[in-house]
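Structure first, then comments.
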Amino acid sequence: MGNDFIDRLGTKTGAAAIFAALKWDSDGLVSVIQQDAKTKEVVGLAFADRTALSKTLETGLMHYYSRSRKKLWMKGEESGHVQKLIELRVDCDGDAILARIQQVKANCHMGYFSCFSFAIKKQRGGALTVKVAGKKRFDPKTVYKKKA
């Protein structure tokens, strides 16, 4: 006790109090697991900083922080495959958020509904293989057009 999210939050309310009770990593980020609210399928994992969470709560559309591009981004800003916020849930430690979302079209940049579309399977004899477990929803070449 005392180190749990709800204990750190106490009776305080509001975004500032909630953000203060979260456990941010050394880069000021928190993991955000994305779950489609209708199908209950986990569609992705991303990271958010305080600005991304604020924009998400302000707009109702999911925003994240790109570690590779080092910038704020809105899911679907290029593809149109936005994630509409239904509910945010915080885990007991406060170091991860579950975003229950309405996923438009698909989440994965490879065309799958879920980024978790590859299943590791154990074969007879113990060898591990990877099988595609998801179905493509769109052709990435027609959605992501690189700007020259």
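Which of the residue pairs Lys38/Lys70; Lys23/Lys71; Lys75/Lys131; Lys40/Lys131; Lys40/Lys75; Lys38/Lys75 have a Cα-Cα distance greater than 29 Å in the structure shown? It would help to have the intermediate numbers written out before the result.
On the way: Lys38/Lys70 31 Å; Lys23/Lys71 20 Å; Lys75/Lys131 27 Å; Lys40/Lys131 21 Å; Lys40/Lys75 19 Å; Lys38/Lys75 18 Å.
Going by Cα-Cα distance, Lys38/Lys70 fall outside the 29 Å limit.
Working from Cα positions, state the angle (0 to 90°, nearest 10) between the long axis of helix 50-59 and the longest principal axis of the chain.
80
What share of all Cα pairs of segment 23-143, in percent, falls into each consecutive 10 Å distance bin?
Taking all Cα pairs of segment 23-143, the binned fractions are 13, 41, 31, 13, 2, 0 percent.
Run the dipole for segment 1-88 about the Cα centre, Lys and Arg Cβ at +1, Asp and Glu Cβ at -1, nothing else charged, and hand back the magnitude in debye, nearest 20.
On the way: 13 positive and 11 negative charges, 33 e Å.
About 160 debye.
Counting each DSSP H run of 4 or more residues in the chain as -39500 (n - 2.57), what helix-only mean residue ellipticity at 222 nm follows after dividing by all residues, to the nearest 500 deg cm²/dmol? Intermediate results must be reported in sequence, preceding the final value.
On the way: 4 runs with 26 residues, N = 148.
After summing the helix terms and dividing by the residues of the chain, the value is -4000 deg cm²/dmol.
Which residues' amide hydrogens lie under 5 Å from the amide hydrogen of Phe118, considering only partners 5 or more residues apart or on another chain, with H built in the peptide plane?
Ala133
What does the charge count around Cys108 come to, taking other residues whose C-beta lies under 13 Å from its C-beta (Lys +1, Arg +1, Asp -1, Glu -1)?
Residues near Cys108 contribute +2 overall.
Just so you know, all these numbers are worked out from the coordinates, no wet-lab data involved. Quick caveat: nothing in here was measured; it's all calculated off a predicted structure. Here the Cβ is made from the backbone with ideal geometry for all residues, glycine too, and neighbour counts use every protein chain on show.
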